[in-house]
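The values are calculated or read from the model by the stated rules, or taken from the named source; none is laboratory data. Bear in mind that the values here come from a model prediction, so they are computed numbers and not experimental data. Cβ placement follows ideal geometry from the backbone for every residue including glycine, while neighbour counts extend to all protein chains displayed. Remember, those area values only see protein heavy atoms, side chains included, never the ligands or the DNA or RNA. Shrake-Rupley method; radii C 1.70, N 1.55, O 1.52, S 1.80 Å.
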Amino acid sequence: MLDPFAHDVLEDPAELHETLREAGPVVYLDRYDVYAMARYEHVYAALTNWQEFCSGAGVGLSNFRYEKPWRPPSLLLEADPPRHDAPRAVLSAILGPRALRRLREEWFADAEKLVDEVLGAREFDAVTALAQAFPLRVFPDTVGISREGRENLLPYGDHAFNAFGPANDLVEKGLPGIGEISAWVNAQCGRDALAPGGFGARIWAAADRGEITHEQAPLVVRSLLTAGVDTTVHGLAAVLYAMATNPVEWQRLRERPEVLARVAFDEAVRWESPVQTFFRTAMADMTIGDVTIPDGKKILMFLGAANRDPRRWADPDAFDLARDPSGHVGFGMGIHQCAGQHVARLEAAALLTALARRVERIELAGPPRRHHNNTLRAWASMPVSVSLA
């Protein structure tokens, strides 16, 4: 009985992914009474067809048609048009490439400072010292939340993404403290808690202009704080792991960081898929291949499996900076595609550029250790050693 949330699968999902891809376009998983898609073609099609594969019933195992969610649903991830449209438009304007240009110089300078601090030691944990430290350093500032209590963001995001899966030990682990942490996060979403000029204040300003309601504003801010930290942390850890285990690619990046930093991040997101799975719900009976998915049933989309589908990618298990990784589904696809992906790319470009300037070689200094999450593919620890340029 296949269990995509078992610890051995979370440690290394490759075998399960191959089994699902080879089994057919759709596979029924009786353990959870859901239908699974693991081939790129079908995952992509489902992600871009919100009319038949809805998000409004939840993007986790829980079905909001029949179950009450543990927190108010996300207006971006867990809503469909028309309810989804206005919040998405507001956030897309705030987080778009043009709006982020003003942050580029500041974030690149901040990355240089962090790298200078970290490289005082030749061995360090790349997860805590870089992948976690940089987003927690720049992103909450940009949203406009206070420095006090930022340590709550990672466990909050971890629990939120665990909760998309079954009520297993990973969910239970986060329950004792989630009430207090959620209260802190919710408090940061209020107008008075947010610094003027930040992303959060601009969301509230959109509410004042009538683009969204004042009831929606704190939920949109909360979406930023829920999905804008953990996913970026794990994306950065993925690209640092790729660089530490692919020295030829690291040298290639060092030669042209202004071009290849973004490619490296997107290739790492394809290769590791920090967001491994998301659910949709069938809006009608539909037949794919020789399997009929009944109306109202949950569909588990394996983004990580799609991103290594040999039907779509040549040599998919290789990390390759000569590859064009565009088209990967690591940020989703369609109207629910990650609104903050440009923010994540900018953070990655800043950090990788700073490292490329200073570090001749980066390699593992000990066994890295995975962090298990029902939705995310993550590292808990990654000891590395560096040689300076």
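Structural remarks
- Each of Glu258 and Arg31 was given a label point 7 Å from its Cα along the Cα-to-Cβ line. The distance between the two points is 5.0 nm.
- Pairs of alpha carbons in the chain separated by more than 33 Å make up 29% of all such pairs.
- Over every Cα atom in the range 238-389, the radius of gyration and the widest Cα-Cα span, Dmax, amount to 17.7, 60 Å.
- When a 1.4 Å probe is rolled over the protein heavy atoms, the share of accessible surface on the range 231-313 that falls to carbon and sulfur comes to 51 percent.
- Solvent-accessible area, 1.4 Å probe, carbon plus sulfur percent, for the range 91-142: 49
- For the pair His7 and Glu363, the difference between a 0.36 nm per residue extended length and the Cα-Cα distance amounts to 125.5 nm.
- For the chain, a simple Cβ point-charge model (Lys and Arg +1, Asp and Glu -1, everything else neutral) yields a dipole of about 940 debye relative to the Cα centre.
- For the pair Arg71 and His371, the difference between a 0.36 nm per residue extended length and the Cα-Cα distance amounts to 105.6 nm.
- Remark: spin-label model distance Glu18-Leu388 equals 4.4 nm, labels positioned 7 Å along the Cα→Cβ axis.
- Candidate lysines for bridging to Lys298, where Cα separation is under 23 Å - those fewer than 8 sequence places away on the same chain excluded: Lys68
- Glu11 exposes around 90 Å² of accessible area when a 1.4 Å probe is run over every protein chain in place.
- Calculated [θ] (222 nm, deg cm²/dmol) that DSSP helices of n ≥ 4 give over the chain, each run adding -39,500 (n - 2.57): -14500 deg cm²/dmol
- A dipole drawn for the range 138-267 from +1 and -1 charges on Cβ atoms has a positive end, and of Ile181, His159, Phe199 the residue lying farthest that way is Phe199.
- Zone of Asn168's modelled label, taken as backbone nitrogen in the range 10-31 under 20 Å from a point 7 Å along Cα→Cβ: 10-21, 27-31
- Cα-based Kirkwood hydrodynamic radius, the range 316-383, one decimal, Å: 15.1
- Angstrom value of the Kirkwood radius, inverse mean 1/r, which spans all Cα pairs in the range 141-213: 13.7
- Size of electric dipole in the range 132-288: Cβ of Lys, Arg +1 and of Asp, Glu -1, about Cα centre, debye, nearest 20: 360
- Take the chain with all the other protein chains still there, run a 1.4 Å probe, and you get 40 Å² of accessible area per residue.
- Glu215-Val291 pseudo-label distance in nm [points 7 Å out on the Cα-to-Cβ vector]: 3.8
- Eligible aspartates and glutamates near Lys113 by straight Cα distance, threshold 19 Å, same-chain separation 8 or greater: Glu105, Glu123, Asp125, Asp141, Glu258, Glu347, Glu360
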